[in-house]
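Beneath this line is the structure, given in structure tokens, with notes to follow.
The values are calculated or read from the model by the stated rules, or taken from the named source; none is laboratory data. Worth saying up front: this structure is predicted, and the values here are computed from it rather than measured. Cβ placement follows ideal geometry from the backbone for every residue including glycine, while neighbour counts extend to all protein chains displayed. These accessible areas exclude ligands, DNA and RNA; they are computed on the full protein's heavy atoms, side chains included. Shrake-Rupley method; radii C 1.70, N 1.55, O 1.52, S 1.80 Å.
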Amino acid sequence: MKPLNIFFISVFAIYATLSKILFDKVYRTSNLIVDEEFHLPLGEEYCKFNFQVWDPKVTTLPGLYLISSILLGPLELCSTYWLRAVSLLFSCVNLILFYIIFSKITAGGWQKVFSALMMTLLPPLYFLAHIYYTDTVSLTTILLFIILHEKDYHYAASIVGFCSIICRQTNVVFVAIYGGKYILTELYGSWAQKSAPLRRAGRFPVKNLKAFLSDMLTKPLKSVAATTIQFWLNAACYISVLISFLIFLLINGGIVVGDRSSHQMSINVPQLFYFSLFCLVFGWPHFVGEVFNFLSFVKRHKLLILLGALLAFIAVHYNTVVHPYLLADNRHFMFYIWIRFYGKYWWFRYALIPIYMFSFYVIIKTLWDKKDVSFFILFTFGVSVLLISQSLLDLRYFFIPYIIIRFKMKNVDSAVFNVMLEFVTYVAMNLFTFNIFFTKTFYWSDSEYPQRIAW
């Protein structure tokens, strides 16, 4: 066995062991955490193969509960402990999937292992690995979908993509992004009449974007004449998933399954700003090296920066949405961040505009590839629509987009140092947040159990 694989197995064993110890402590501390009051009863019923029960307060499809029934139902392990263990199990699976992905995109040896570990330890995500929420399982399906897609197993990828939507409806955006990238790059390859190896490379250079789009609109039949039957079969897999989702939207009357009055779609542009800040906070070691490049960019493009700042100011001033849930639940860190900064000081939300712009600069620079603009276009559009349409500020919306951006960060010169800083940051944040969870308690008048603060 290769030394690198032995090292990964050792890291995996340490992660699983320490996480299990922490998992047991979380279980002993609290048997019900925030939205688990909705998820746990349904998980228990599905685990007992009672699929007729539903809670109208639950907004997602029953993917988590179906997986729980498959894993735990035959063993009759339907208690809170084992339902939560589903999240811990899939967190360990995610570590393996992260390692597979980073092994393909990262040049370093041990750096691949630590990058995979860092994404698994992403503080808000890591906390959810110890409770019964949809996020950990949802991420597993998306990571597996990406791996299968990149290996050109498009049939299998579409099936996993469909399952990911069953876990969380918004995952349709990522299925559309990767499926759309495959379709665009293959159509471009046919249009440009490139050789088979170049088509498989999946390149879509920006210099030909205008001509390609023009021909696709004016001469569609001629543009796709060189495509193969295999391409259409692969494309049909992704398209069928998207059509199935559209049928669901029509039948359901919207993307949310339940509690629609509190989860209505809206236009909330500042969500993009909060996401950029999320990326900066959790990826700061990879961002800080771009400070001087950003300042140089500002000097060269003063008018562009001023226009961007003006638009951001207008969005913050006229479009800041404060969802009732954000101010009503003091069990979340975001509640305290909002009331102590955003809500307390009128100038605070404007003062962050330069920071937002810096973060956007790094994100765009990370994603931009003039030799292949397909992913940049689809990802930017898809994630923007996903985030802007959410009225509630919830960090869980940011997990998968940030992780995908993190996959694209390849600053080779400082990669080792960045990963180490990332490791120290995540460990410190996790120690802080779990310490708050274990030690800080308060009571609600309508509940006999102590409440605790979590992500």
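Report yes if some residue within the stretch 106-113 is modelled with pLDDT of 90 or more, in contact with a helix residue (DSSP H, G or I) (Cβ under 8 Å, 6 or more places away or on another chain) and not basic (K, R); otherwise report no. Within the stretch 106-113, one or more residues are modelled with pLDDT of 90 or more, in contact with a helix residue (DSSP H, G or I) (Cβ under 8 Å, 6 or more places away or on another chain) and not basic (K, R).
None of F273, F292, F335 is open to solvent by less than 80 Å² (accessible area, probe 1.4 Å), free of Cβ contacts under 8 Å to residues at least 60 places away in the same chain and aromatic (F, W, Y) except F335.
For the residues L326, L310, the requirement of being more than 25 Å from P124 (Cβ to Cβ) and either free of Cβ contacts under 8 Å to residues at least 24 places away in the same chain or open to solvent by less than 30 Å² (accessible area, probe 1.4 Å) (or both) singles out L310. For the stretch 101-150, filtered to residues that are part of a loop (DSSP other than H, G, I, E, B) and within 17 Å of the chain's Cα centre (by Cα), the residue that is surrounded by the most Cβ atoms within 10 Å (Cβ to Cβ) is A129. Scanning the stretch 165-185 for residues that are of a type outside the set (A, V, I, L, M) and either surrounded by fewer than 23 Cβ atoms within 10 Å (Cβ to Cβ) or not in a helix (DSSP H, G or I) (or both) turns up R168, Q169, T170, G180, K181, Y182, T185. Note on the stretch 330-375: residues that are more than 24 Å from L125 (Cα to Cα) and among the polar types (S, T, N, Q) amount to 1. The set of residues from the stretch 207-230 being small (G, A, S) and either within 10 Å of S190 (Cβ to Cβ) or in the same structural domain as S374 (by the TED database) (or both) comprises S223, A225, A226. Of the residues examined, E44 is one that is in the same structural domain as D135 (by the TED database) and in contact with a helix residue (DSSP H, G or I) (Cβ under 8 Å, 6 or more places away or on another chain). The set of residues from the stretch 407-428 being crowded, with 19+ Cβ neighbours inside 10 Å and modelled with pLDDT of 95 or more comprises just one member, Y426.
Looking at (1) over 17 Å from the mean Cα position of the chain (by Cα); (2) open to solvent by 20 Å² or more (accessible area, probe 1.4 Å); (3) at negative phi, find the lone condition where S158 falls short. Result: S158 passes all but (2). Checking each residue in the stretch 1-50 for being of a type in the set (S, T, N, Q), open to solvent by 20 Å² or more (accessible area, probe 1.4 Å) and within 17 Å of R452 (Cα to Cα) picks out T29, N31. Residues in the stretch 74-90: is at least one crowded, with 16+ Cβ neighbours inside 10 Å, within 17 Å of Y126 (Cα to Cα), modelled with pLDDT of 95 or more and among the polar types (S, T, N, Q)? Yes: the stretch 74-90 contains one or more residues that are crowded, with 16+ Cβ neighbours inside 10 Å, within 17 Å of Y126 (Cα to Cα), modelled with pLDDT of 95 or more and among the polar types (S, T, N, Q). Screening F98 against (1) open to solvent by 20 Å² or more (accessible area, probe 1.4 Å); (2) aromatic (F, W, Y); (3) under 25 Å from N430 (Cβ atoms) leaves a single unmet condition, (1).
Confirm whether I255 is aliphatic (A, V, I, L, M), assigned to a loop (DSSP other than H, G, I, E, B), in contact with a Phe, Trp or Tyr (Cβ under 9 Å, 6 or more places away or on another chain) and in contact (Cβ under 8 Å) with a residue 12 or more places away in the chain. Criteria met by I255.
The residue pairs whose first member lies in the stretch 31-59 and is part of a helix (DSSP H, G or I), whose second member is open to solvent by 90 Å² or more (accessible area, probe 1.4 Å), and whose beta carbons are closer than 6 Å, counting only pairs six or more residues apart or on different chains, are F38/K57. Apart from one condition, N435 fits all of (1) polar (S, T, N, Q); (2) open to solvent by less than 50 Å² (accessible area, probe 1.4 Å); (3) within 19 Å of M334 (Cβ to Cβ); the exception is (2). Only one entry in I247, I267 is assigned to a helix (DSSP H, G or I) and open to solvent by 60 Å² or more (accessible area, probe 1.4 Å), namely I247.
What about S391, is it hydroxyl-bearing (S, T, Y) and closer than 21 Å to Y133 by Cα? Taking the combined requirement at face value, the residue satisfies it.
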